[in-house]
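The values are calculated or read from the model by the stated rules, or taken from the named source; none is laboratory data. Note that the structure is a prediction, hence the values are computed from the model and not measured. Here the Cβ is made from the backbone with ideal geometry for all residues, glycine too, and neighbour counts use every protein chain on show. Just the protein is used for accessible areas: all its heavy atoms, side chains included, with ligands, DNA and RNA removed. Shrake-Rupley method; radii C 1.70, N 1.55, O 1.52, S 1.80 Å.
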Amino acid sequence: MFDPAYAELDIPAVVAGRLDRQVALFDPAQRFTFLITEAALRWRIGPPPVLLSQLDRIASLSTLENVTIGLIPQTVQVLTHVPHGFAIFEPTDRDADAVVMVETVHANLTINDPVHVALYQRQWSLLEKMAVFGDAARDLLTVIATDIRALPYHEDNP
């Protein structure tokens, strides 16, 4: 069901803001690793052309030397379950501690207690073991795109 709260947003401005934040991905001094489940990539958040655009963007970013993208296939044996997304920020300064950001429906959490950060780092390690990278990830993106192209789509009723 469409959330009416989104109707009030200036969607082009929101998209432009997100794209502006992606500029950091092209800074070779920074490193990024993303893990995405196949289920998230198949989630129908918009019409097929929007989904295909997103898959293309992910495939393109996966070729950058400072960006690593791992996809967790639906067919892989699960080693862990994480009920929410999280991001680990590991500073390049060896004296600084890592921080975890957790985004929930009602709040954003910042976790900096080393014991709790270590818990998220262990979860990340298990998720990485479940993922495919490089050409295998891009092959999976191609399979998903092929499946999306086969979906029925009418512009007046996406």
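Can you give me the % of accessible surface on the chain that is carbon or sulfur? Probe 1.4 Å, all protein chains present, nothing else counted. Heavy-atom surface of the chain belonging to carbon and sulfur, 1.4 Å probe: 57 percent.
So which trypsin sites (Lys or Arg not before Pro) in region 86-158 pass both tests, a DSSP loop state and at most 11 other Cβ atoms within 10 Å of the Cβ? Walk me through the numbers before you get to the answer.
On the way: sites: R94, R122, K129, R138, R149; in loops: R94.
Sparse-neighbourhood loop trypsin sites (Lys or Arg not before Pro): R94.
Can you say what percent of the DSSP beta bridges in region 36-158, counting only those with both residues inside, are antiparallel? Round to 5. If you can, show how the numbers build up before the last one.
Working: 10 of 12 bridges.
Among the beta bridges of region 36-158, antiparallel pairing accounts for roughly 85 percent.
In region 21-76, which chymotrypsin sites (Phe, Trp or Tyr not before Pro) fall in coil by DSSP and have 11 or fewer other Cβ atoms within 10 Å?
Values: sites: F26, F32, F34, W43; in loops: W43.
Passing both the DSSP loop test and the Cβ count: W43.
Taking the chain as a Gaussian network of alpha-carbon nodes connected by springs under 10 Å, the highest mean-square fluctuation of the residues L127, L19, L71 belongs to L19.
Using the rule -39500 (n - 2.57) for each DSSP H run of four or more residues, divided by the residues of the chain, the 222 nm mean residue ellipticity is -13000 deg cm²/dmol. In percent, rounded to a whole number, the relative contact order of region 6-158 is 26, using alpha-carbon pairs under 8 Å and six or more apart.
Note that region 17-101 shows a convex hull volume over its alpha carbon atoms of 143 Å³ per residue. Considering only H106, H81, H116, the mean-square fluctuation computed in a Gaussian network model of the chain, springs between alpha carbons under 10 angstrom, is largest for H106. In this structure the amide hydrogen of T68, modeled in the peptide plane, comes within under 5 Å of the amide hydrogens of F32, T33, F34, none closer than 5 places in sequence on its chain.
Put simply, the amide H of T37, placed in the peptide plane, has neighbours under 5 Å in I72, leaving out anything fewer than 5 places away on its chain.
Full extension of the chain between V23 and V115 gives 29.9 nm of extra length, using 0.36 nm per residue less the Cα-Cα distance. Take the chain with all the other protein chains still there, run a 1.4 Å probe, and you get 71 Å² of accessible area per residue. Less than 12 Å Cβ to Cβ from L79, Lys/Arg counted +1 and Asp/Glu -1: what total charge do the surrounding residues give? So the environment of L79 carries a net charge of +1.
Between L151 and A96, what FRET efficiency follows from the Cβ-Cβ distance if R0 is 41 Å, with the result rounded to 0.05? The value I calculate is 0.35. Expressed as a fraction of 2.2 N^0.38 Å, the value expected for a compact globular protein of N residues, the C-alpha radius of gyration of the chain is 1.15.
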